[in-house]
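Asker: Pasting a structure here, questions to come.
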Amino acid sequence: MGFNLRSAHSTEVFDTEYGELVAAALRKRFGDHVPLGKPGNVFCMPDEMGWSWWSALGAAATLSLGEAATRQLRAVDAWQGVYIDALIDREVMRLGGDVSTPQVTTTVIGKLSFANRLRKLVGLAPKDEIPAEIRKVMDEMMRANGPRDGERGALQVGSLPKLMAEAEAMLRHLKVQPTIAGLQTMLEPYAAADRCDDDTHIQCLGHLWITGTHAIQNRQPLWLVK
């Protein structure tokens with residue numbers, strides 16, 4: 001179950017109607033001066049990250065740098081969150097609109113069976129075809145990596161400049177230069193097929209710095225939406 005960090009306008013992350021609602025809510029709460037980007041300019045790394053990688057980065061950074069130096073890395077969960085170019089700490093916004101946040105426990109794996117295709121044709125809902133053991137694993141992943149208690153369906157908001165400062169502090173701790181060349185050198189060993197799941201916190205840090213730098217340079221938010 002993967003995801004990617006995205007530098008984009010909200011309408012490139014959600015459907016257009018809900019994306020506009022999100023943009024309007026951010027403008028109303030944080031002011032028109034906060035850059036929200038423009039539709040059509042999307043950047044994300046080509047390789048998808050594991051969903052747990054974001055949590056792994058927050059935990060590793062906290063262990064290395066301490067809680068006070070990693071507040072932004074832990075401010076947003078990899079579910080429905082955004083970092084904007086504003087010097088805030090952490091906010092949780094409840095948005096209006098008739099939009100449901102996807103639930104891991106309702107995910108359908110694979111194609112519908114023949115029996116469920118027949119049920120759909122006659123207007124009946126498909127039966128749950130997810131085996132109990134798979135559903136248990138999915139629920140455990142939700143508890144470990146999904147939104148914290150009481151915040152499912154809300155938009156978590158953090159500070160992009162503060163986040164990038166924490167990312168660069170972690171890079172310095174790892175003795176990596178915060179440049180494209182430095183990040184490419186850091187990520188190169190993990191391109192091998194047998195190392196793609198190694199040091200997930202380091203790989204996630206690379207995704208974060210590269211995508212976050214694009215967001216800052218292009219004056220748009222950095223999204224973590226599962």
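Asker: Does Glu12 qualify as being among the acidic types (Asp, Glu) and open to solvent by 70 Å² or more (accessible area, probe 1.4 Å)?
Answerer: no
Asker: Sort out which residues of the stretch 16-51 are at pLDDT 95 or above and aromatic (Phe, Trp, Tyr), and write them in order of number.
Answerer: Selection gives Phe30, Phe43.
Asker: Select from the stretch 195-221 the residues that are closer than 20 Å to Lys38 by Cα and not β-branched (Val, Ile, Thr) and write down the one among them that is surrounded by the fewest Cβ atoms within 10 Å (Cβ to Cβ).
Answerer: Gln217
Asker: Just to be sure I understand the filter: pairs with C-beta atoms under 6 Å, separated by 6 or more residues or on different chains, first member in the stretch 30-53 and without any contact (Cβ under 8 Å) to a residue 24 or more places away in the chain and among the charged types (D, E, K, R), second member open to solvent by 50 Å² or more (accessible area, probe 1.4 Å) and assigned to a strand (DSSP E or B). Which pairs pass?
Answerer: Listed pairs, sorted by first residue: none to list.
Asker: Let me ask another. Pairs needed: first member in the stretch 167-192, surrounded by 12 or more Cβ atoms within 10 Å (Cβ to Cβ); second member anywhere, among the basic types (Lys, Arg); C-beta distance under 9 Å; at least 6 residues apart or different chains.
Answerer: Close Cβ pairs satisfying both conditions: Pro178/Arg172; Pro189/Arg195.
Asker: Across the stretch 2-61, what is the total count of residues that are under 30 Å from Gln184 (Cβ atoms) and part of a helix (DSSP H, G or I)?
Answerer: Adding up the residues that qualify gives 11.
Asker: Conditions: (1) surrounded by fewer than 18 Cβ atoms within 10 Å (Cβ to Cβ); (2) part of a loop (DSSP other than H, G, I, E, B); (3) touching a residue at least 24 places away in the same chain (Cβ under 8 Å). Ser64 meets all but one. Number of the miss?
Answerer: Status for Ser64: all satisfied but (2).
Asker: In the stretch 1-58, how many residues are over 13 Å from Leu208 (Cβ atoms), in contact with a strand residue (DSSP E or B) (Cβ under 6 Å, 6 or more places away or on another chain) and aromatic (Phe, Trp, Tyr)?
Answerer: 1
The values are calculated or read from the model by the stated rules, or taken from the named source; none is laboratory data. All of these numbers come straight from a predicted model, not from anything done at the bench. Note: ideal-geometry Cβ built from the backbone for every residue, glycine included; neighbour counts use all protein chains shown. Surface areas here come from the heavy atoms of the whole protein model, side chains and all, with no ligands, DNA or RNA. Shrake-Rupley method; radii C 1.70, N 1.55, O 1.52, S 1.80 Å.
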